[in-house]
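Let me give you the structure first, and then I'll get to my questions.
Only the coordinates and a few stated rules stand behind these numbers; no lab work does. As the structure is a prediction and not an experimental result, all values here were calculated from the model. Glycine also receives a Cβ, built like all others from the backbone with ideal geometry; neighbour counts cover every protein chain displayed.
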Amino acid sequence: MLQKQKHILLRNVAIRPNLFQFLRLTTRTGNGTTRRSITAVFKPNTNLSRSEFVSRVIGRSCYYFEIKHFNISSMAQSKFEYVRKFESDDRCLPNCWMVVRLDGKGFHKLSSEHDYDKPNDSRALALMTKSAVRVMEEFNEICLAYGQSDEYSFVFKKDSELYNRRKTKIETNICSLFSSSFVYYWSNFFPQTYLKYPPSFDGRVVLYPTNQNLRDYLSWRQADCHINNLYNTAFWALVQQGGYSPSKAEERLRGTVASDKNEILFSEFGINYNNLPELYRKGTILLRRKVEQEHEKNVVGQNGMVETQRYTKRRMTILPLNVDIIGDKFWEENNDILGSYM
Ligand SMILES: Nc1nc2c(ncn2[C@@H]2O[C@H](COP(=O)(O)OP(=O)(O)OP(=O)(O)O)[C@@H](O)[C@H]2O)c(=O)[nH]1
Ligand SMILES: [Mg+2]
């Protein structure tokens with residue numbers, strides 16, 4: 001009986017290399033009343049065969065034994081893993097557009113410490129867009145992004161199942177990849193300017209249940225771009241060209257509406273606001289689009305000479321657009337974005 005049991009149990013004991021082994025044996029002696037519990041801990045890579053292990057620990061005097069066999073990490077896990085229950089389930093509602101918006105922390109200071117051009121620095125805007133493209137390359141579920149100033153919004157497909165729609169997982173991944181890309185590509189856009197300290201971005205996920213809500217959200221961000229840009233353009237014209245102090249320029253613009261600022265720009269500085277680059281007035285939309293790309297290859301012609309052949313290939317790319325996103329035109333021209341969710 002003992003031999004048989006021993007045989008079965010021997011097969012069940014696995015001495016695993018590379019791990020601390022924690023084995024507990026409970027034995028009973030001949031009359032079946034005395035119970036002995038033996039715990040043995042073996043260092044990783046202990047060179048002990050299964051039969052050696054059992055015969056050494058159990059000895060001869062017992063006829064019944066049970067073996068429990070754990071490694072230390074699984075013991076610890078089972079004891080402590082209840083703490084997982086404290087993590088909240090933060091899955092985003094299904095059937096909603098998930099939008100992650102990032103915004104630079106303290107970019108008023110960062111822009112002045114790094115001598116950004118005023119009111120718009122095309123290098124800084126290009127760096128923001130490069131970082132956003134990097135995010136879109138990594139996360140295919142993003143169908144559109146919109147950026148202006150120190151912010152970028154990423155729109156996920158309505159039926160995206162990325163990370164089971166876990167809110168924190170999504171926002172932290174997007175935010176950290178964007179931040180690290182901003183630092184990684186900094187010197188490509190500011191080759192002469194040393195980055196004085198690590199910049200950071202806050203992030204949030206907002207859910208929009210209807211297509212109209214999503215359009216209104218993007219319209220809101222583009223309108224914000226326009227309002228800020230018009231104000232900043234007028235403010236810096238007054239300061240840089242009009243000789244105003246910053247506080248006097250602020251005073252001059254207090255209470256003015258858009259047409260007043262346009263008028264100041266036009267009549268006092270000869271600036272037609274509508275002729276300023278659309279990048280500044282509209283911000284940047286990023287879309288996935290197939291574009292034709294020209295390629296060249298060398299082939300051997302009929303006359304035996306090597307000649308260069310040109311050909312075009314359609315390739316999926318992330319396309320930047322500086323256009324109006326508020327009116328219907330953009331949505332009609334790009335009807336695939338909302339199209340499948342009508
Ligand atoms: N000169 C210059 N400044 C810029 C440019 N883009 C962004 N900024 C600065 O970044 C700021 C962004 O606005 P906010 O996000 O409201 O300000 P913030 O300082 O980042 O503050 P928090 O986001 O609350 O941390 C603007 O007010 C500008 O001061 C740019 O192209 N040129
Ligand atoms: Mg900011």
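Using a 10 Å cut-off on Cβ atoms, rank the peptides 294-306, 84-96 from the highest mean neighbour count down.
84-96, 294-306
Given +1 on the Cβ of Lys and Arg, -1 on the Cβ of Asp and Glu, and no further charges, what dipole in debye does the range 97-282 carry about its Cα centre, rounded to the nearest 20?
380 debye
Using modelled amide H (1.01 Å from N, peptide plane; none on Pro or chain starts), what sits under 5 Å from the amide H of residue 92, excluding residues fewer than 5 places away?
Hits under the 5 Å cutoff: 166, 167.
If you wrap a convex hull around the Cα atoms of the range 184-342, how much volume per residue is inside, in Å³?
Considering the Cα atoms of the range 184-342, their hull volume per residue is 261 Å³.
Can you give me the pair-distance distribution of the range 97-282, C-alpha pairs, 5 Å bins, whole percents?
That works out to 1, 7, 15, 18, 16, 15, 12, 9, 5, 2, 1, 0, in percent per bin.
Would you mind pulling out the separation of the Cα centroids of the range 156-185 and the range 258-326, in Å?
Each part reduced to its Cα centre gives a spacing of 27 Å.
Turning to a different aspect of this structure: Kindly state, to the nearest 0.05, the FRET efficiency for residue 166 paired with residue 313, given R0 = 45 Å and r defined as their beta-carbon distance.
My answer for the efficiency is 0.75.
Cβ neighbours within 10 Å, averaged per peptide: list 106-116, 125-135, 235-245 in order, most packed at the top.
Sorting 106-116, 125-135, 235-245 by mean packing, highest first, produces 125-135, 235-245, 106-116.
Let me ask something additional. Leaving out same-chain residues fewer than 8 places away, which lysines sit with a Cα under 23 Å from that of residue 329?
157, 158, 282, 290
Now for a different question. Using the Karplus equation 6.51 cos²θ - 1.76 cosθ + 1.60 (θ = phi - 60°), what ³J(HN,Hα) coupling, rounded to whole Hz, does each residue of the range 257-263 give in order, writing x for Gly and Pro?
Whole-Hz 3J(HN,Hα) from phi for the range 257-263: 9, 3, 5, 5, 5, 4, 5.
Could you work out how far apart the two model spin labels at residue 289 and residue 333 are, taking each label as a point 7 Å from the Cα in the direction of the beta carbon, and quote it in nm?
So the two model labels end up 0.7 nm from each other.
Could you calculate the FRET efficiency of residue 254 with residue 219 from 1/(1 + (r/R0)^6), where r is the beta carbon distance between them and R0 is 25 Å, rounded to 0.05?
About 0.40, to the nearest 0.05.
If the only charges are +1 at each Lys and Arg Cβ and -1 at each Asp and Glu Cβ, what is the size of the charge dipole of the range 191-342 around the Cα centre, to the nearest 20 debye?
480 debye
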